[in-house]
1. Let me have the relative contact order for the chain, percent, based on Cα pairs under 8 Å that are six or more residues apart.
2. Can you tell me the length gained on complete extension of the stretch I84 to K177, counting 0.36 nm per residue apart and subtracting the Cα distance?
3. Reachable aspartates and glutamates from K90, Cα under 16 Å, same-chain residues fewer than 8 places away excluded?
4. Which sequence of V132, V207, V110 reflects their accessible areas, 1.4 Å probe, from the largest down?
5. Give the label of the value calculated from the structure for Cα extents along the principal axes in Å, choosing from (1) 60, 57, 30; (2) 62, 40, 30; (3) 61, 46, 30.
6. Would you mind checking K130/K206; K147/K199; K8/K229; K97/K163 for any pair whose Cα atoms are more than 25 angstrom apart?
7. Roughly what angle does helix 221-234 make with the longest principal axis of the chain, taking Cα atoms, 0 to 90 degrees, to the nearest 10?
8. Of F160, F195, which has the most accessible area with a 1.4 Å probe, and how do the rest follow in descending order?
Amino acid sequence: MNTNLLKKEWLKYEKIKFEGWDFSYIDDSWENETLPWDYTEIINRYLSSDLELLDMGTGGGEFLLSLNHPYEKTSVTEGWQPNIELLKMKLVPLGIKLAPIGDDDIIHYVDNSFDIIINRHESFNIEEIKRVLKLNGVFITQQVGGKNGNRLSNMLIPSFQPKYATLNLKNMLRDLKECNFEIMFADESFPYQKFFNMKALIYYAKVIEWEFPGFNVRDNFNQLLDVYKELVRKGYVLNYEHRFIIVARNTKLS
């Protein structure tokens, strides 16, 4: 094993550009176990063309556009500046409304604006959700739980501490119920994740920086070598995701 050649090759991988929230670049290089629910199908149970829709943390808008909801009844939030600039060119000209959102999770739309709010893997403030959601409006969120990717994080990052250790289905259900949301559906899953080459693994670790804080090839090269040994031995590197989903109805205005 020529470590100098490996380092040179791996340094190239961490420079690969990432845009939107699209992992299609590594489609053939990893495998994610299917969740026991279908996020799109659940949304379509509640979404109709006459409803005002908000998609929180829309990324590059790829998923939102797949819903084919009327543009004039669609709004989005996004917090990552490169995506905001992309959305200004991609969604705003269609008539979709855009509001940047910061770390405080303040939603810059007026009270009682939306019939349905969807949120996939985006942080949120429950009081803000309640404020902009109409009475009997529906909130659908699929979240990445605090145990997500912990196996790989512990392999790559010395003394790793999960940033969102308390984020799980039980705690979020409690918080929503305290704010007078009716829970209509909830589930939680820990699907496996497999990386079949180092290119996909390094690309992923660079993007998901909150699970791999400070990760880079030079500083974590020894850890990457240990991961590479598992890849050679097994044919893949094993990781586990943590996902949960909630459908909740706003039964009382703020």
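1. Dividing the mean separation by the residue count of the chain yields 24 percent.
2. Full extension from I84 to K177 adds 30.2 nm.
3. Straight-line reach from K90, under 16 Å: E19, D22, D55, E62, E72, E78.
4. V110, V207, V132
5. Structure-derived value, by its label: (2).
6. From the list (K130/K206; K147/K199; K8/K229; K97/K163), the Cα-Cα distance tops 25 Å for K130/K206; K97/K163.
7. Once rounded, the angle reads 90 degrees.
8. Sorted by accessible area, descending: F160, F195.
The values are calculated or read from the model by the stated rules, or taken from the named source; none is laboratory data. Since the structure is predicted, the reported quantities are computational estimates derived from the model, not experimental observations. As a convention, Cβ positions derive from the backbone with ideal geometry for all residues, glycine included, and neighbour counts pool all protein chains shown. SASA here: full protein model, heavy atoms, side chains in, ligands and nucleic acids out. Shrake-Rupley method; radii C 1.70, N 1.55, O 1.52, S 1.80 Å.
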